[in-house]
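What follows is a set of notes on a single structure, which appears directly below.
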Amino acid sequence: MAPTNSPVARNVSLGERLLFEKSAPGKRGMELPPLDVPSVDVAHALGAENARDGVDGFPEVSEIEVIRHFTRLSTWNYAIDLGMYPLGSCTMKYNPRVNEFVARLEGLATEHPLQPAELSQGCLRILRTLELFLLEVTGMDAITLQPCAGAQGEYAGIAMIRAYLASRGNPRKKVLVPDSAHGTNPATAVTAGYEVRNIRSDSTGRIDIGHLAECVDEDVAALMVTNPNTLGIFERDIAEAAELLHARGALLYMDGANMNALAGVARPGDFGVDVMHMNLHKTFSTPHGGGGPGAGPVAVEKRLEPFLPTPVLVEKPDGRLGWDRNRPKSIGRLRAFYGNFGVLVRALAYALAYGPGMVEATRDAVLNANYIRKKLEGVYDLPYEQPCMHEVVFSDARQKKHGVNTMDIAKRLIDYGFHPYTTAFPLIVPGALMIEPTESESREELDRFVEAMRSIAAEAAENPELVKSAPHSARIGRLDEVGAARKPVLRWKPQ
Amino acid sequence: MRYLPKSDAERRAILDELGLASINELFASIPEACRLGRPLAVPGPLSEKEIIDYFRARAAENAAGYTSFLGAGVYNHFRSVVADALLQRGEFLTSYTPYQAEISQGTLQAIFEFQTLMCQLTGQEVANASMYDGSTAAAEAAMMTVRLTGRRRLVISRALNPEYRQVVDTYASDLGLEVVETGFDAKTGQTDLAAAQAATDDTTAAVIVQSPNFLGALEPVAQFAEAAHGRGALLVVAIAEAVSLGAVRAPAEADIVAMEAQSLGLAPSFGGPFAGVIATREKFVRQMPGRLAGQATDGEGRRGFVLTLATREQHIRREKATSNICTNQALCALAVTMHLALLGKEGLREMAAQNLAKARYAVAECEKLPGVRRAFSAPFFNEVTLEFPRAVRLINHELERERIIGPLPLGPFFPEQTKRGLLCLTEMHSRQDVERLVAATRRALESLGVGAREAVSSPAER
């Protein structure tokens with residue numbers, strides 16, 4: 001038999017039960033030094049009614065068992081360190097290891113947020129340096145690093161718009177959101193007390209500027225727009241949209257989730273944006289970690305500066321840094337302390353590694369997306385013909401004829417050694433395949449991906465059942481999500 | 001650039017395939033007027049060595065080498081190197097949110113374990129994974145009670161961490177909620193139960209207390225639950241020091257627990273990233289924000305885990321979602337899971353008991369100082385409010401000369417309490433650390449004009 005060269009092979013994949021199922025009384029994985037002060041009786045110290053004799057059901061396992069447990073679990077995950085993650089809109093780029101190292105340094109990881117500012121100048125300088133870097137990249141005037149993620153950044157931004165408009169007499173009622181927007185946008189507008197009105201996209205995938213003009217009235221507080229949008233298309237009329245809004249006293253909010261397509265090339269502050277957030281766990285490479293932590297700094301135009309969340313980092317005349325808490329117009333505090341500092345350290349390490357060269361990452365990200373677009377055009381349906389930037393959106397229209405949909409193709413990618421792309425989003429493309437390679441992929445990896453996608457397209461035509469029943473190489477088959485939601489089991493319980 | 005895996009020749013070849021003369025043509029869709037047209041004016045580029053040197057230099061400008069007695073929502077507990085080594089496996093660190101269950105079972109099973117651990121700790125039936133931190137968990141819990149009750153008034157203890165309170169205020173003000181503050185008892189340091197009861201009416205969605213509270217006092221959770229439930233309101237209990245739950249009875253009577261899990265395995269890291277948790281009753285789960293992993297089976301009957309009840313979330317429900325939260329603190333929750341697996345039942349019990357003992361030893365030693373005494377009588381865990389004969393700010397200034405960061409001055413939070421400070425002890429403090437603190441405080445008081453004579457008279461003042 002001729003040797004085959006399959007892209008993936010089954011590997012040893014050890015089973016592993018839950019921690020609680022491995023537990024046995026009397027084992028432990030950590031020991032503390034002996035107590036060097038008089039011991040106290042818990043019930044006596046707290047009062048019997050307040051005391052507790054250990055936590056029922058807590059695991060009891062040894063150190064080596066903990067190591068094997070989590071190491072085995074880790075082998076069941078896909079990760080950037082293993083291969084390409086073409087998740088559109090998620091920007092799964094390389095997470096440099098030096099960033100992990102510096103975030104753990106003694107003197108950074110060890111610092112308490114309430115220690116005196118005079119003893120925190122190093123932490124504050126890191127924050128200030130990152131602020132200035134982000135202001136230059138965005139072209140905005142002022143910034144807060146406090147939001148913990150993009151969605152909290154959006155909330156801060158809309159709350160600032162609300163406070164600004166209220167200070168001028170009327171906070172207004174509505175926020176406009178394009179139909180191609182991320183789900184966080186409408187959810188945020190509601191959290192900040194606004195009604196949502198959808199704006200249509202036109203036949204080119206951009207905001208229908210005519211529809212926008214009809215919708216902007218005295219009740220509209222802001223338009224939330226992602227640029228480039230979720231189709232990977234630059235909103236060409238963005239400056240015109242800004243003028244339209246400003247003429248009616250409304251503001252322009254930009255979701256900076258796709259800032260990795262613009263960094264070093266174009267700045268939102270230069271095309272009329274009033275408020276924007278960035279996702280440092282996307283553009284600035286901080287690890288996704290299976291769903292966070294992230295960071296969602298918000299940058300604003302000058303007139304919104306008084307409304308920034310409190311406290312605000314300020315540089316004193318003598319060059320020392322400190323917190324300004326006397327901010328009477330501030331929207332208030334978004335979280336305790338100053339934000340996800342450890343994430344901000346990693347983002348600055350990434351930013352400093354590139355410096356002005358960040359534009360090279362932007363260029364490679366756009367180059368990679370266009371390469372994939374070119375190589376798969378004609379194999380998959382391209383609903384919008386406009387040139388793309390950092391991501392490209394296909395549809396499953398051709399494969400649907402064989403009964404194969406975008407989710408099936410995505411699951412089949414797993415058998416080829418890739419994480420699926422983003423499926424069924426943006427909502428304006430039925431059966432969307434949203435692909436974002438980022439700048440972190442070599443040509444070899446891109447070609448491997450293209451080959452996989454072409455092969456799956458062929459399979460969809462010739463052997464659709466193979467695709468529809470994928471994945472075949474994962475350690476577990478498709479799970480019954482409907483059943484899981486109908487009768488939720490959300491914790492382990494002893495038998 | 002070392003992070004970019006392409007040679008110039010490869011870039012050129014791709015451009016040729018695309019039929020483009022230059023890379024700038026890729027950006028032709030951006031109008032000329034919108035483009036920057038110059039290099040970014042930013043520092044860098046830096047090599048790996050320069051990056052390390054830069055951050056080492058910043059670290060040296062902080063408080064390395066100081067002994068700190070700060071808590072107030074951020075606690076320094078022992079963390080095994082084992083957990084961090086596991087956490088840095090790329091399969092955990094560099095993976096995405098586990099929407100694709102077949103290749104995310106590691107993260108999903110760990111989340112399920114995290115949820116179980118949080119339920120066991122808090123005495124609640126379900127827990128999410130995760131919120132940004134304890135303060136946003138408290139705010140989200142408050143908004144959850146508004147959805148559950150249809151009421152729009154919040155009664156909040158003044159002894160809730162003031163920064164948590166500020167966060168709740170931010171979210172409440174955008175939703176137009178009424179926030180009523182209820183005071184604490186000047187003697188016990190506990191939230192005034194009678195006042196809280198009086199403030200709770202038929203329009204109240206929730207009573208919110210913290211235990212141990214910001215002043216260190218344990219709250220009688222069951223009594224607050226009774227008071228809230230008597231008016232059809234819900235009780236939210238915030239927990240900032242989760243290690244306390246190794247010694248303190250779980251707040252099982254609470255309807256929602258909003259917890260900060262930082263002290264269970266996360267570094268202080270100048271205030272973040274941490275991991276917030278919301279734990280609640282099963283019947284409230286559909287109004288709970290944040291991600292949840294649930295058990296499921298595949299076609300062959302094998303057990304696996306999936307993200308579930310997503311119809312609560314923004315990516316499905318958009319403007320009708322329970323919260324706008326998307327990215328959360330998953331890796332921090334995983335670190336907590338690893339830490340608790342190592343610590344285990346006995347380790348957590350021992351750690352909590354050591355904290356109790358160290359705090360009591362420190363209080364006894366501090367009370368030997370002239371004019372220093374416990375400010376409140378309620379039982380405390382590892383944090384306690386001490387009263388000093390001089391402003392804490394002034395005493396701390398002296399302590400800093402001896403490389404000690406003293407108790408947190410309460411003046412900035414409670415203007416009437418400038419002579420009070422919040423002292424925190426954990427298993428990380430040695431007996432010598434306490435002795436140094438006491439000796440240095442004695443010298444500080446002397447230099448501020450408090451001598452032994454005052455000590456003789458001080459017991460009479462009590």
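The values are calculated or read from the model by the stated rules, or taken from the named source; none is laboratory data. These numbers come from a predicted model, not from an experiment. Here the Cβ positions follow ideal geometry from the backbone for every residue, glycine too, while neighbour counts run over all protein chains shown.
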Q) Inside segment B:162-232, counting only helices (runs of 4 or more DSSP H) that do not spill past its ends, which hold 2 or more residues that are within 20 Å of B:Leu410 (Cα to Cα)? A) B:162-174
Q: Determine, yes or no, whether A:Glu243 is of a type in the set (Asp, Glu), surrounded by fewer than 23 Cβ atoms within 10 Å (Cβ to Cβ) and assigned to a loop (DSSP other than H, G, I, E, B).
A: no
**Q.** Check on A:Ser285, surrounded by fewer than 24 Cβ atoms within 10 Å (Cβ to Cβ) and assigned by TED's automatic domain parsing to the domain that holds A:Arg125
**A.** no
Q.
Given the options A:Lys401, A:Lys374, name the one that is free of Cβ contacts under 8 Å to residues at least 60 places away in the same chain, of a type in the set (Lys, Arg), within 13 Å of another protein chain (Cβ to nearest Cβ) and in contact with a helix residue (DSSP H, G or I) (Cβ under 9 Å, 6 or more places away or on another chain).
A. A:Lys374
Q: Considering only segment B:358-391, state which residues are in contact with a Leu (Cβ under 7 Å, 6 or more places away or on another chain) and aliphatic (A, V, I, L, M).
A: B:Ala359, B:Ala362, B:Leu369, B:Val372, B:Ala375, B:Ala378, B:Val384, B:Leu386
Q | Failed criterion for A:Val265 (all others in (1) surrounded by fewer than 24 Cβ atoms within 10 Å (Cβ to Cβ); (2) touching a Cys at 6+ places or on another chain (Cβ under 8 Å) hold) | A | (2)
(Q) If I ask for residues that are outside any helix (DSSP H, G or I) and either under 17 Å from B:Leu408 (Cβ atoms) or in contact with a Phe, Trp or Tyr (Cβ under 7 Å, 6 or more places away or on another chain) (or both), which ones from segment B:425-440 would you list? (A) B:Leu425, B:Thr426, B:Glu427, B:Met428, B:His429
Q | Qualifying residues in segment A:246-262 (those that are closer than 18 Å to A:Leu176 by Cβ and either buried (at least 24 other Cβ atoms within 10 Å of the Cβ) or of a type in the set (S, T, N, Q) (or both)) - the one farthest from the other protein chains (Cβ to nearest Cβ) | A | A:Ala250
Q: Those residues that are assigned to a helix (DSSP H, G or I) and either facing another protein chain (nearest Cβ under 7 Å) or in contact with a His (Cβ under 7 Å, 6 or more places away or on another chain) (or both), I need them from segment A:72-100; list them, please.
A: A:Leu73, A:Ser74, A:Val98, A:Glu100
Q.
Need a quick list: strands (runs of 3 or more DSSP E) entirely within segment B:247-345 having at least 1 residues that are surrounded by fewer than 24 Cβ atoms within 10 Å (Cβ to Cβ) and more than 7 Å from chain A (Cβ to nearest Cβ).
A. B:303-307
(Q) Here's a check for you: in segment B:129-170, which residue that is of a type in the set (Asp, Glu) and under 25 Å from B:Leu292 (Cβ atoms) is surrounded by the fewest Cβ atoms within 10 Å (Cβ to Cβ)? (A) B:Glu140
Q) Across segment B:83-128, which residue is farthest from B:Ala258 (Cα to Cα) among those that are within 23 Å of the chain's Cα centre (by Cα) and acidic (Asp, Glu)? A) B:Asp84
Q.
Among the residues of segment A:282-295, are any within 13 Å of chain B (Cβ to nearest Cβ), in contact with a Lys or Arg (Cβ under 6 Å, 6 or more places away or on another chain), in a loop (DSSP other than H, G, I, E, B) and under 21 Å from A:Met389 (Cβ atoms)?
A. yes
(Q) For the list (1) at the interface with another protein chain (Cβ under 10 Å from one of its Cβ atoms); (2) in contact with a Gly (Cβ under 9 Å, 6 or more places away or on another chain); (3) more than 17 Å from A:Val220 (Cβ to Cβ), I need the number of the one condition that A:Gly193 fails. (A) (3)
Q | Selection count, segment A:155-201, where residues are at positive phi and surrounded by 24 or more Cβ atoms within 10 Å (Cβ to Cβ) | A | 0
(Q) Let me confirm something: among A:Val450, A:Val467, which residue is surrounded by 22 or more Cβ atoms within 10 Å (Cβ to Cβ), touching a Lys or Arg at 6+ places or on another chain (Cβ under 6 Å) and part of a helix (DSSP H, G or I)? (A) A:Val467
(Q) Looking at segment A:156-168, I want the residues that are facing chain B (nearest Cβ under 9 Å) and have a partner that is β-branched (Val, Ile, Thr) and part of a helix (DSSP H, G or I) with Cβ atoms under 6 Å, at least 6 apart or on another chain. Which pairs are those? (A) A:Ile158/A:Thr188
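Residues checked against (1) more than 7 Å from chain B (Cβ to nearest Cβ); (2) touching a residue at least 60 places away in the same chain (Cβ under 8 Å); (3) touching a Pro at 6+ places or on another chain (Cβ under 6 Å); (4) crowded, with 16+ Cβ neighbours inside 10 Å:
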{"site": "A:Val42", "(1), (2), (3), (4)": "no, no, no, yes"}
{"site": "A:Glu49", "(1), (2), (3), (4)": "yes, no, no, no"}
{"site": "A:Asp56", "(1), (2), (3), (4)": "no, no, no, no"}
{"site": "A:Ile64", "(1), (2), (3), (4)": "yes, no, no, no"}
Q: Give the residue, chosen from A:Thr423, A:Thr438, that is under 30 Å from A:Tyr350 (Cα atoms), without any contact (Cβ under 8 Å) to a residue 40 or more places away in the chain and crowded, with 21+ Cβ neighbours inside 10 Å.
A: A:Thr423
Q) With segment B:1-106 as the region, which helices (runs of 4 or more DSSP H) entirely inside it contain at least 1 residues that are without any contact (Cβ under 8 Å) to a residue 24 or more places away in the chain and farther than 30 Å from A:Gly322 by Cα? A) B:8-18, B:81-87, B:90-93
Q | Check on A:Leu313, part of a helix (DSSP H, G or I) and either under 30 Å from B:Pro39 (Cα atoms) or at pLDDT below 95 (or both) | A | no
Q: Please verify whether segment B:137-154 includes one or more residues that are assigned to a loop (DSSP other than H, G, I, E, B) and more than 19 Å from B:Gly176 (Cβ to Cβ).
A: no
Q. Looking only at residues in segment B:1-53 that are within 40 Å of the chain's Cα centre (by Cα) and more than 7 Å from every other protein chain (Cβ to nearest Cβ), which one is farthest from A:Arg346 (Cα to Cα)?
A. B:Arg2
Q) Within segment B:204-213, can one find any residue that is at pLDDT 95 or above and either charged (D, E, K, R) or not assigned by TED's automatic domain parsing to the domain that holds B:Thr280 (or both)? A) no
(Q) Name the single residue that is farthest from B:Arg303 (Cα to Cα) among those in segment A:440-483 being among the small types (Gly, Ala, Ser) and at pLDDT 95 or above. (A) A:Ser442
Q. Hydrophobic (A, V, I, L, M, F, W, C), within 12 Å of chain B (Cβ to nearest Cβ) and either surrounded by fewer than 18 Cβ atoms within 10 Å (Cβ to Cβ) or part of a loop (DSSP other than H, G, I, E, B) (or both) - does that describe any residue in segment A:202-215?
A. no
Q: For segment B:189-201, indicate whether the set of residues that are within 24 Å of A:Pro309 (Cα to Cα), within 14 Å of chain A (Cβ to nearest Cβ) and either of a type in the set (Asp, Glu) or in contact (Cβ under 8 Å) with a residue 60 or more places away in the chain (or both) is non-empty.
A: no
